[in-house]
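Following: one structure in structure tokens, then a few remarks.
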Amino acid sequence: MSDIREKLPGLLALLASSSTLICCAIPALLVVLGAGATLANFVSLFPFFIVISKYKIYVSVIAMIILVVAGYFTYKTQKMPCPIDPVLSRKCMITRTRSVFIYLISVFLFIFATIFTYVIPRII
């Protein structure tokens with residue numbers, strides 16, 4: 001049970017940052033690469049995609065809030081003591097390391113999605 005509690009903030013952050021990647025960064029990347037026909041095909045397969053893309057600012061802000069909260073909890077769990085039992089202590093440390101890794105991947109995905117959604121289209 002404690003494994004799930006320690007991984008939950010990282011997994012929520014990964015889900016939130018992936019949503020910004022799907023809703024905002026992939027279409028921007030396809031347009032920048034000149035793959036407008038691919039984007040049109042994608043939108044014809046998933047029509048709800050346009051509705052989600054209309055609210056990309058809200059999706060990005062909510063994802064950022066989730067990332068900040070997940071970062072706080074990830075930091076907080078790093079300071080908690082692990083069990084005294086050597087086997088449980090080792091599992092605790094492995095879970096914490098994985099949780100930090102998942103969180104860092106989430107932050108990277110969010111930054112990548114934000115750059116491709118808001119920065120690159122203004123440059124080009």
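All of (1) in a helix (DSSP H, G or I); (2) more than 25 Å from PRO9 (Cβ to Cβ) hold for PHE73 with one exception: (2). So, in the stretch 95-110, of the ones that are β-branched (Val, Ile, Thr) and surrounded by 14 or more Cβ atoms within 10 Å (Cβ to Cβ), which residue ends up farthest from ALA13 (Cα to Cα)? This residue is THR95. Scanning the stretch 57-89 for residues that are within 15 Å of SER18 (Cβ to Cβ) and open to solvent by less than 90 Å² (accessible area, probe 1.4 Å) yields VAL59, SER60, ALA63, ILE66, LEU67, ALA70.
The values are calculated or read from the model by the stated rules, or taken from the named source; none is laboratory data. Everything numeric here is computed off the predicted structure, so don't read it as measured data. Because the Cβ atoms are built from the backbone with ideal geometry, glycine has one as well, and the counts that use them run over all protein chains shown. With ligands, DNA and RNA removed, areas are computed over all heavy atoms of the protein, side chains included. Shrake-Rupley method; radii C 1.70, N 1.55, O 1.52, S 1.80 Å.
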